[in-house]
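The values are calculated or read from the model by the stated rules, or taken from the named source; none is laboratory data. Source: prediction; values computed, not measured. Here the Cβ is made from the backbone with ideal geometry for all residues, glycine too, and neighbour counts use every protein chain on show. Keep in mind that these areas ignore ligands, DNA and RNA; they rest on the heavy atoms of the full protein, side chains included. Shrake-Rupley method; radii C 1.70, N 1.55, O 1.52, S 1.80 Å.
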Amino acid sequence: MLSRSIVVQSLRSIRDRFFDTRRQRNEQSDGQGPDNDVTGPSLDNLPVDMQFLIMTFLSPQDLCRLGGTSTYWRSMVRDPVLWKYFLLRDMPLWQSVDHLSVPQVKLTGSAVLDDSEMQLDYMAEYLRVCPACRNQWRHQPRVFESVTSFFQSLVPVSEPQFAMFGPGLEQLEISLMNTIMCSSHVLPVAGPPQRQIDGIGSGISFKYKDQHRFNIATLYSTNRSARERARLEHLSLRSKLFVYEEDSESNIPLSINPMFNQVCQAVNGFIFVVNAETERGTDRGWEEESAQIRVILDPAVGAVSRPILLLSCVSRETADRHRIPCVTIAHQLQLSSLTNPWMLQDTAAETLTGLLDGIDWLLRHSGVKL
């Protein structure tokens, strides 16, 4: 996180340059410059640290309006250090991120901007990825998105199927799937569980907004007793969904287990449940999970356009229980390199907060007209 003093220092240098230039211009025009840079009661006359404090309370839209009031404020509001500060401050608080809004910036705050960072318009980047701004252009699709939606509408998906997997299904104290099954007020069950898939999963039909049916095939890593033992003893399991290198202790998968090829080829998209609890540690399993996502999205298995919804899941949301920010998870899983549409959404297994937002996105990107 950038310190406030660094931002104030950057703003002060902008202020000094601005009024030095104004003074020189005035001296050249009439031979006399004003005794004071700014006079009278005005926002311009406040100390820079007070101006910065005021800006920290403004919304992105209000900051842009402030920048349009004068040349001085345009210079101040356009400061890249200021917007890098806002990005690093606000990114951990965002509850979702997707393939169109993932921040293309470093997640650490250095004291100065290096050459590569100076080429980045931090203000434009913030306005592009900030959820408050994103909601305004979300319903204004770009041309290529409109074309994609048109072609999808020609092949309507009446009852899409999704495959759900991931460590967040198994490692949390509260089972996300059990909560979904018992929360008819959130997602009513529209059909009984279908046949078991080799004892590690089954298909269930749900109804969204009382009109759209969709199926979820839940794919666990192994049988229930082995999963529960691994959760209690904090063991790392090799998932039966994947094939691994022979005579290797690595849990990095090489490909999908052939017995699940048919299931993965038939689905319209995927749901990957991430363990977002801070107790999991910062490094544990990220490489393995990233590899699982890439194997399941291999073009040899199905169309590259199939979306994947990632649920950044914790057992419960409490004041003293923290979660890993979704932008950090997106960075750890290297989601920005995926070619498939994706969305990462904060979710709580106990209350299912955020789940409907994720399902809504998944259905839309699977060709369902909502």
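In table form, for the structure just shown:
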{"quantity": "Meets criteria (closer than 30 Å to Pro341 by Cα, surrounded by 15 or more Cβ atoms within 10 Å (Cβ to Cβ), under 19 Å from the mean Cα position of the chain (by Cα) and modelled with pLDDT under 90) for Val105", "calculated": "yes"}
{"quantity": "Elements of type helices (runs of 4 or more DSSP H) contained in the stretch 40-86, each with 2 or more residues being at negative phi and β-branched (Val, Ile, Thr)", "calculated": "48-56, 71-77"}
{"quantity": "Which numbered condition Pro60 fails, given (1) modelled with pLDDT of 95 or more; (2) in contact with a Cys (Cβ under 8 Å, 6 or more places away or on another chain)", "calculated": "(1)"}
{"quantity": "Residues that are modelled with pLDDT of 80 or more and of a type in the set (D, E, K, R), drawn from the stretch 308-322", "calculated": "Arg316, Glu317"}
{"quantity": "Within the stretch 214-235, tally of residues that are without any contact (Cβ under 8 Å) to a residue 60 or more places away in the chain and touching a strand residue (DSSP E or B) at 6+ places or on another chain (Cβ under 7 Å)", "calculated": "6"}
{"quantity": "Members of the stretch 281-296 that are hydrophobic (A, V, I, L, M, F, W, C), touching a residue at least 60 places away in the same chain (Cβ under 8 Å) and open to solvent by 10 Å² or more (accessible area, probe 1.4 Å)", "calculated": "none"}
{"quantity": "Residue count, the stretch 191-228 (criterion: part of a strand (DSSP E or B) and at pLDDT below 85)", "calculated": "4"}
{"quantity": "Looking only at the stretch 361-370, and only at residues there that are part of a loop (DSSP other than H, G, I, E, B) and not hydrophobic (A, V, I, L, M, F, W, C), the one that is most open to solvent (accessible area, probe 1.4 Å)", "calculated": "Lys369"}
{"quantity": "Filter result (modelled with pLDDT of 90 or more and in contact with a helix residue (DSSP H, G or I) (Cβ under 7 Å, 6 or more places away or on another chain)) within the stretch 287-307", "calculated": "Glu289, Ile296, Pro307"}
{"quantity": "Unmet criterion (only one of (1) exposed (fewer than 13 other Cβ atoms within 10 Å of the Cβ); (2) modelled with pLDDT of 90 or more; (3) not aliphatic (A, V, I, L, M)) for Arg25", "calculated": "(2)"}
{"quantity": "Filter pass, Val112 being β-branched (Val, Ile, Thr) and either at pLDDT below 90 or within 30 Å of Thr353 (Cβ to Cβ) (or both)", "calculated": "yes"}
{"quantity": "Which numbered condition Thr278 misses (of (1) among the hydroxyl-bearing types (Ser, Thr, Tyr); (2) open to solvent by 50 Å² or more (accessible area, probe 1.4 Å); (3) in contact with a helix residue (DSSP H, G or I) (Cβ under 9 Å, 6 or more places away or on another chain); (4) closer than 24 Å to Ala348 by Cα)", "calculated": "(3)"}
{"quantity": "Hits in the stretch 302-360 (condition: closer than 30 Å to Pro188 by Cβ, surrounded by fewer than 20 Cβ atoms within 10 Å (Cβ to Cβ) and within 13 Å of the chain's Cα centre (by Cα))", "calculated": "Gly354, Asp357"}
